[in-house]
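The values are calculated or read from the model by the stated rules, or taken from the named source; none is laboratory data. None of the values given here were measured: they were computed from a predicted structure. When we count neighbours, we look across all protein chains shown, and the Cβ atoms used for this are built from the backbone with ideal geometry, even at glycine.
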Amino acid sequence: MEIESPVLRNQMTQPVRQNPVFNNWEVVAVGWYFAGRSSEVRKGQARAVNLCGQELVLWRDSRGRLSCLDAYCPHMGTHLGKGKVVNDRLRCFFHHWKYDVDGKCVDIPCQKEIPPRARTRSYPVEEKFDAIWVYPARRPPRPLAGFDEVAGKDLLVRFGKAYSRSCHHHVTMINGIDPQHLKTVHGLDVEMSIGITEDDQRKLIDISLAGGADGSTTFGKWVHRLLGPEYGYSMRYDHANNGFLTLMKNTRLLGRLPLPPLHMIFAYRPLGFGKTLVQPIYVTRRRRGPLGWLANLVCINLTRLGFHALQSEDGEVYDNMRFFAANLLPIDRPVARYIQYVNKLEPAPWRF
Ligand code: FES
Ligand SMILES: [Fe+2]
């Protein structure tokens, strides 16, 4: 039998202790899940989407309001993604029952009375960074996180090419906060400061690291030459499925010219046992005028470049890893803290 994921390997001699939520494929934890680009659901359109194993329908009314419902029609189970938006209601293809944005049936053509159970569950949706995000529980504790440096600003967003990994997204997300590997793999000496803050709702964790490039790798040398000895970055984890990475914090080109920080989002979504989708999203403040246009282009492309540089140096580790955290050192404190944080997230009512 072909073994699909490293998670199953070496269980007899190196058993993995199952965590309640962290790295646990049987649990879909709450969080804002990337459901596609905003432009993929136009006004008056319905679209089927599978998020973490759950069949859903996204649809938009004539005013642009977006709604996300459980996909199967409560009458006989037709997929509502096959339906049509008519008069700002979602109409099932089969017998034309109509639903409002909350999933309540408001019209049955063949009779006046509407049975009280004629409703399908709705989920909170949010549009941010030109993308659609869905939360798999009734009330999200907060909107999707963002970057403090560009909060409230007009943003330019570009989507990178999505790709898949064979390990759980909880594990791939460790890439951003593992101080040892930043030095050994990426040649970045970032032992100087590690700040972790967690919000009251325990759904957001901020990890900031500062230090410099030690020049032992090509990337490190490049960073060192251009940006000098000081280098800082921060990683914000919203729930444990979206990472907000800011590179080049408080950095100056050749030690003089202040540089804008570069922002990228790693939006993760499990696709089934042993497969995770990663959607990179590059974000910069939108600047006006011809010079602004040029600055936007440079910032987005530098962000893209930074993403590929980081990814190419160690991306494949995560396709060949059977993660366990049996011997963490004091320097691995952010990793241990992160595992604790993930294990406190509630499971969503979705399953593969
Ligand atoms: S199955 Fe949807 S209206 Fe009958
Ligand atoms: Fe890395």
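No other residue among 279, 340 is touching a Lys or Arg at 6+ places or on another chain (Cβ under 8 Å) and within 25 Å of residue 28 (Cα to Cα) apart from 279.
Of the residues in the stretch 34-46, at least one is in contact with a Ser or Thr (Cβ under 9 Å, 6 or more places away or on another chain) and within 19 Å of residue 127 (Cα to Cα). Only one entry in 113, 26 is in contact (Cβ under 8 Å) with a residue 12 or more places away in the chain, among the acidic types (Asp, Glu) and outside any strand (DSSP E or B), namely 26.
In the set 256, 285, only one residue is surrounded by fewer than 16 Cβ atoms within 10 Å (Cβ to Cβ), away from ligand 1 (no atom under 16 Å from the Cβ) and charged (D, E, K, R); that residue is 256.
When you check residue 187 against the structure, is it touching an Asp or Glu at 6+ places or on another chain (Cβ under 6 Å) and without any contact (Cβ under 8 Å) to a residue 60 or more places away in the chain, yes or no? Explain how you work it out, then say what you get.
Values: touching an Asp or Glu at 6+ places or on another chain (Cβ under 6 Å): yes; without any contact (Cβ under 8 Å) to a residue 60 or more places away in the chain: yes.
It is true that residue 187 is touching an Asp or Glu at 6+ places or on another chain (Cβ under 6 Å) and without any contact (Cβ under 8 Å) to a residue 60 or more places away in the chain.
Residue pairs whose Cβ atoms lie under 7 Å apart, sitting 6 or more positions apart in sequence or on different chains, and linking a residue in the stretch 118-129 that is free of Cβ contacts under 8 Å to residues at least 12 places away in the same chain to a partner that is of a type outside the set (S, T, N, Q) and not in a loop (DSSP other than H, G, I, E, B), do not occur here. Residue 54 meets each of the listed conditions (1) of a type outside the set (D, E, K, R); (2) on the phi > 0 side of the Ramachandran plot; (3) away from ligand 1 (no atom under 14 Å from the Cβ) apart from (2). Residue-level check: of (1) at pLDDT 95 or above; (2) crowded, with 22+ Cβ neighbours inside 10 Å, residue 293 misses just (2). Among the residues making up the stretch 325-335, those that are farther than 14 Å from residue 237 by Cβ and either in contact with a Leu (Cβ under 7 Å, 6 or more places away or on another chain) or exposed (fewer than 14 other Cβ atoms within 10 Å of the Cβ) (or both) are 326, 327, 328, 329, 330, 331. Has the stretch 81-95 got any residue that is under 30 Å from residue 274 (Cβ atoms) and touching a Leu at 6+ places or on another chain (Cβ under 7 Å)? Scanning the stretch 81-95, I find no residue that is under 30 Å from residue 274 (Cβ atoms) and touching a Leu at 6+ places or on another chain (Cβ under 7 Å), so the answer is no.
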